[in-house]
Amino acid sequence: MPPATHWVVTASFTDDGSNAYRRADGTWSRALAEAGLLTEEATGKVHAAQAVADEQRLISDPYVIEVHASDSKVEALSARERIRATGPTVPIRRPDSGLRR
């Protein structure tokens, strides 16, 4: 994986626990590709701190992650954040899915 080129503020939506990524305009998205790219980690930390004050009911626990951004996509650098962005690594069995054990 290439080195970090940008940083993104991420959190979790309080209503359903799904991923939240802060857009450049300060709103929140569920898609990493829509995240506002920041060129300095320190700026990301300022945005994360501001998000705590501004969005206490919409999101929880904002923090900054490193990403690599190219013309075609944005990729999280850590394994944890790649899994968060793309979904679980194993199929999830839900009681209502029709799958039986």
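The values are calculated or read from the model by the stated rules, or taken from the named source; none is laboratory data. Note that the structure is predicted; figures quoted are calculated from it, not measured. In this analysis, Cβ positions are derived from the backbone assuming ideal geometry, glycine residues included, and neighbour counts consider all displayed protein chains.
Which pairs have Cβ atoms under 8 Å, sit 6 or more apart or on different chains, and link a residue in the range 73-84 that is without any contact (Cβ under 8 Å) to a residue 24 or more places away in the chain to one that is part of a strand (DSSP E or B)?
Listed by first residue and then by second, the contacts come to S78/I65; S78/E66; R82/E75; R82/A76.
Specify the residue that is surrounded by the most Cβ atoms within 10 Å (Cβ to Cβ); the eligible residues are those in the range 29-66 that are more than 10 Å from the chain's Cα centre (by Cα) and among the β-branched types (V, I, T).
For the range 29-66, the residue satisfying everything is I59.
Quick check on my filter: what residues within the range 1-13 are at pLDDT 90 or above and either surrounded by fewer than 18 Cβ atoms within 10 Å (Cβ to Cβ) or of a type outside the set (A, V, I, L, M, F, W, C) (or both)?
Just the residues of the range 1-13 that are at pLDDT 90 or above, to begin with: 6-13.
Scanning the range 1-13 gives H6, T10, S12, F13.
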